[in-house]
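All remarks here apply to the structure that follows.
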Amino acid sequence: MKFITFLKDGKETVGMLFGDEAVIVNDILSSHGLPSRGNMLDLIDGIAGGTDILRVLESADPAAFSRLPAADLKLLAPIPYPRRNIFCLGKNYAAHANEVKLTKLSGSGIPAAPVYFTKTAMPAVASGDCIRFSRGVTTMVDYEAELAVVIGKSGKDIRPADAESYVFGYTIINDVSARDLQSRHEQWFKGKNLDTFCPMGPCIVDKSEMPFPVALGIRCTVNGELRQDSNTRELIFDLATVISDLSKGLTLLPGDIISTGTPSGVGAGFDPPRFLTDGDLVECTVEGIGTLSNRVRAEA
Ligand code: MG
């Protein structure tokens with residue numbers, strides 16, 4: 001199943017994709033006498049509370065419902081306003097850890113333990129929306145294609161062997177980064193958290209459609225030119241390790257999002273660096289999920 005969030009009559013609406021058409025999730029739920037869900041977080045909460053919703057959605061026949069052409073929908077990020085910051089992994093692909101070692105961003109190479117930071121999404125911007133920044137604030141804006149995991153139920157001190165059962169599904173995040181701000185301040189927070197710097201989407205794919213451990217091609221192009229090209233099997237700390245480690249003494253909640261780090265090929269890794277400029281089109285693709293596509297708008 002692929003879930004999207006889109007605007008309908010000015011409201012966040014959750015849909016399921018069937019090919020190039022979408023069916024409104026609440027139409028499916030109400031046909032089975034199940035209560036409506038307000039948005040994606042509310043849907044994930046409902047699924048965490050019991051299995052009926054998943055079973056009903058899995059068996060839905062799109063022919064029984066009104067179908068909307070997906071291309072006509074105004075997409076939002078699948079979870080435009082996460083309840084709390086997105087948990088992010090830094091330096092979680094060896095080749096990327098080595099490329100940033102050569103820059104001033106981080107000198108320590110491959111980490112001995114997962115490197116965590118967080119990213120605000122107020123809101124996360126959708127595929128098709130713009131990444132915007134002012135040249136008065138930053139002139140070194142970079143892309144980072146990442147596989148992101150959406151947590152499906154509460155858990156603490158999760159064992160690696162149980163990690164997959166805490167996953168709801170997967171999406172794509174572009175961990176847009178202002179490298180000048182990232183290196184000026186000792187912590188990465190400022191450089192990772194400008195408005196619009198968290199594109200997310202285009203959809204959430206539920207975990208039943210994905211292998212675990214995940215082994216998915218991940219790519220990023222800028223104006224069609226391939227910049228990042230790897231596979232999530234190359235993660236230094238795999239998902240089971242990350243979910244287990246992060247949940248030690250810290251309760252993960254339904255709807256939490258973990259962005260798993262980016263492969264090599266970021267703009268900062270080139271000599272000379274190749275940062276984003278006005279008009280660039282950044283496309284992040286993860287196998288089985290789709291493409292997160294965002295145009296760059298740089299203002300004076
Ligand atoms: Mg990143």
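The values are calculated or read from the model by the stated rules, or taken from the named source; none is laboratory data. Not measured: the values here are computed from a predicted model. Reconstructed Cβ throughout: ideal geometry from the backbone, glycine too, with neighbour counts over all protein chains shown. Protein only, heavy atoms only, side chains kept; ligands, DNA and RNA dropped before computing areas. Shrake-Rupley method; radii C 1.70, N 1.55, O 1.52, S 1.80 Å.
Quick notes
- Sites listed here are trypsin sites (Lys or Arg not before Pro) in segment 119-187 whose DSSP assignment is loop and whose Cβ has at most 14 other Cβ atoms within 10 Å: Arg135, Lys156.
- Estimated from the Cβ-Cβ distance and a Förster radius of 30 angstrom, the FRET efficiency linking Glu58 and Met122 is about 0.40.
- Label-point gap, in nm, between Tyr81 and Ser66 - each point 7 angstrom along Cα→Cβ: 2.6 nm
- With Cα atoms as the point set, the radius of gyration and Dmax of segment 2-76 evaluate to 11.6, 33 Å.
- Calculated accessible area for the chain comes out at 42 Å² per residue, all protein chains present (probe 1.4 Å; ligands, DNA, RNA ignored).
- By the rule of a C-alpha distance below 22 Å, with chain neighbours fewer than 8 residues away ignored, the lysines paired with Lys153 are Lys2, Lys119, Lys207, Lys248.
- Accessible area of the chain belonging to carbon and sulfur atoms, whole % at 1.4 Å probe: 50 percent
- Mean residue ellipticity (222 nm) of the chain, computed from DSSP H runs ≥ 4 via -39,500 (n - 2.57), nearest 500: -4000 deg cm²/dmol
- Given charges at beta-carbon only (K, R positive; D, E negative), |dipole| of segment 2-76 in Debye: 80 debye
- Semi-axis lengths, largest first, of the ellipsoid equivalent to segment 86-299 are 26, 18, 16 Å, with √(5λ) applied to each eigenvalue of the Cα gyration tensor.
- Under the simplified labelling scheme, the Val137-Glu225 pair shows an inter-label distance of 2.6 nm, with each label point 7 Å from Cα along Cα→Cβ.
- Extension gain (nm, one decimal) between Glu287 and Thr103, 0.36 nm per residue minus Cα-Cα: 63.3 nm
- Rel. contact order, % - alpha carbon contacts under 8 angstrom, at least six apart, the chain: 24 percent
- Estimated inter-spin distance, Ser31 and Arg233, nm [label 7 Å along Cα→Cβ]: 3.8 nm
- Spin-label zone in segment 226-255 - amide nitrogen under 15 Å from a point set 7 Å from the Cα of Ala95 along the C-beta vector: 226-236
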